[in-house]
Amino acid sequence: EAPSSARGVDLRWLARSQRAPRRFFAALEGLLGQVATLGAKSSLERGVDLYHDMVLRHLGANRIAARFHDPRRPAGQRWITLGFDDLHAQVSARAHSWAAQGVEPGSLVCVALPLGPECVVALLSALRLGARVSLLEPEGPDFMALRLATLAPQYIASEAFYRDRLGDLDALGAVWLGEATTSPPNIVGSHCYLPGEACALLFSPLREPPHV
């Protein structure tokens, strides 16, 4: 068993989670059902519905989903509060627009935005549609070109301000996700990622090149 930390915290659960991760998370899932007022939908056996568990199950509870600080706003107005109902409304509009442009389960979507409200809405929209999403905070053109070439996304979600940093999207074969020009399809619920189904592409220095 793992020893206690210097502060006397029992860390035996950490050793158990490493030895038998499936059993550990199954027990954790059972505990969640006992302590949570709104149950999660995801299961290790059935699959993971990220959008339901992060957003849908909180609708109507008048809860705050996130707070963002924007230093560009006037003093006294720099904190932005977003409730779950407002967040869901924004994601619904974005997901319907993206679906009309071809985004579907398994699509490779790169969100090239700085962390903030727009970034969160874009990430959740991709997860609701079942896409494999990646996140790149806009940096210099060379950095972005290398990352995008490695990720090879089918769709890119960003803002016009960052367009010049993203290089030649036609050469990359990626579609810029703008406003839909066709009638969006009806979207009911959200995508449940099956066991083994990828939901994201992430860079990690711990992996062999190309570090994805």
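For every residue, the table says whether it meets (1) touching a helix residue (DSSP H, G or I) at 6+ places or on another chain (Cβ under 6 Å); (2) farther than 19 Å from His52 by Cα; (3) polar (S, T, N, Q).
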{"residue": "Gln101", "(1), (2), (3)": "no, yes, yes"}
{"residue": "Gly116", "(1), (2), (3)": "no, yes, no"}
{"residue": "Val120", "(1), (2), (3)": "no, no, no"}
{"residue": "Ala126", "(1), (2), (3)": "no, no, no"}
{"residue": "Ala131", "(1), (2), (3)": "no, no, no"}
{"residue": "Leu136", "(1), (2), (3)": "yes, yes, no"}
{"residue": "Met144", "(1), (2), (3)": "yes, yes, no"}
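Just the residues that are basic (Lys, Arg), more than 16 Å from Leu202 (Cβ to Cβ) and in contact (Cβ under 8 Å) with a residue 40 or more places away in the chain, please, taken from the stretch 116-163.
Within the stretch 116-163, just Arg128 meets the criteria.
For the stretch 41-51, the criterion of being hydroxyl-bearing (Ser, Thr, Tyr), surrounded by 12 or more Cβ atoms within 10 Å (Cβ to Cβ), touching a helix residue (DSSP H, G or I) at 6+ places or on another chain (Cβ under 8 Å) and farther than 21 Å from Val133 by Cβ is met by at least one residue.
Take the conditions (1) open to solvent by 10 Å² or more (accessible area, probe 1.4 Å); (2) among the polar types (S, T, N, Q); (3) within 17 Å of the chain's Cα centre (by Cα); Ser97 misses just one of them, which is (3). May I ask you to list the residues in the stretch 81-95 that are of a type in the set (D, E, K, R) and closer than 12 Å to Pro117 by Cα? Of everything in the stretch 81-95, just one residue is of a type in the set (D, E, K, R) and closer than 12 Å to Pro117 by Cα, namely Asp86.
Within the stretch 92-105, how many residues are without any contact (Cβ under 8 Å) to a residue 40 or more places away in the chain and touching a strand residue (DSSP E or B) at 6+ places or on another chain (Cβ under 9 Å)?
Of all residues in the stretch 92-105, those without any contact (Cβ under 8 Å) to a residue 40 or more places away in the chain come to 93-94, 104.
Still in the list and also touching a strand residue (DSSP E or B) at 6+ places or on another chain (Cβ under 9 Å): 94.
Of the residues in the stretch 92-105, 1 are without any contact (Cβ under 8 Å) to a residue 40 or more places away in the chain and touching a strand residue (DSSP E or B) at 6+ places or on another chain (Cβ under 9 Å).
Count, please, the residues in the stretch 169-212 that happen to be among the charged types (D, E, K, R) and open to solvent by less than 70 Å² (accessible area, probe 1.4 Å). If you could, list the steps in order and put the result at the bottom.
Residues of the stretch 169-212 that are among the charged types (D, E, K, R), as a first pass: 170, 179, 197, 207-208.
Filter once more, keeping what is open to solvent by less than 70 Å² (accessible area, probe 1.4 Å): 197.
The number of residues fulfilling the criteria is 1.
Just one of the listed residues (Leu123, Leu115) is open to solvent by 20 Å² or more (accessible area, probe 1.4 Å), farther than 30 Å from Asn186 by Cβ and under 18 Å from the mean Cα position of the chain (by Cα), and it is Leu115.
Take the conditions touching a strand residue (DSSP E or B) at 6+ places or on another chain (Cβ under 7 Å), open to solvent by 20 Å² or more (accessible area, probe 1.4 Å) and either at pLDDT 90 or above or closer than 18 Å to Phe203 by Cβ (or both) and apply them to Leu166. Does it pass? The answer is no for Leu166.
Considering every residue within the stretch 25-41, establish whether at least one is touching a residue at least 24 places away in the same chain (Cβ under 8 Å), over 30 Å from Phe143 (Cβ atoms) and touching a Leu at 6+ places or on another chain (Cβ under 9 Å). Write out each step before concluding.
Kept after step one, since they are touching a residue at least 24 places away in the same chain (Cβ under 8 Å), are these residues of the stretch 25-41: 41.
Now restrict to residues that are over 30 Å from Phe143 (Cβ atoms): 41.
Those still in the list that are touching a Leu at 6+ places or on another chain (Cβ under 9 Å) too: 41.
Taking every residue of the stretch 25-41 in turn, at least one turns out to be touching a residue at least 24 places away in the same chain (Cβ under 8 Å), over 30 Å from Phe143 (Cβ atoms) and touching a Leu at 6+ places or on another chain (Cβ under 9 Å).
Are any residues in the stretch 38-91 within 19 Å of Leu127 (Cβ to Cβ), of a type outside the set (A, V, I, L, M), in contact with a Ser or Thr (Cβ under 6 Å, 6 or more places away or on another chain) and not in a helix (DSSP H, G or I), and if so, which ones? Matches in the stretch 38-91: Asp49 only.
Within the stretch 62-88, the residues that satisfy the criterion of being open to solvent by less than 40 Å² (accessible area, probe 1.4 Å) and more than 28 Å from Leu194 (Cα to Cα) are Phe68, Asp70, Leu82, Gly83.
The values are calculated or read from the model by the stated rules, or taken from the named source; none is laboratory data. These numbers were taken from a predicted model, which means no experiment stands behind them. Neighbour counts run over all protein chains shown; Cβ positions are idealised from the backbone, glycine included. In case anyone asks, the SASA skips ligands and DNA or RNA and just uses the protein heavy atoms, side chains included. Shrake-Rupley method; radii C 1.70, N 1.55, O 1.52, S 1.80 Å.
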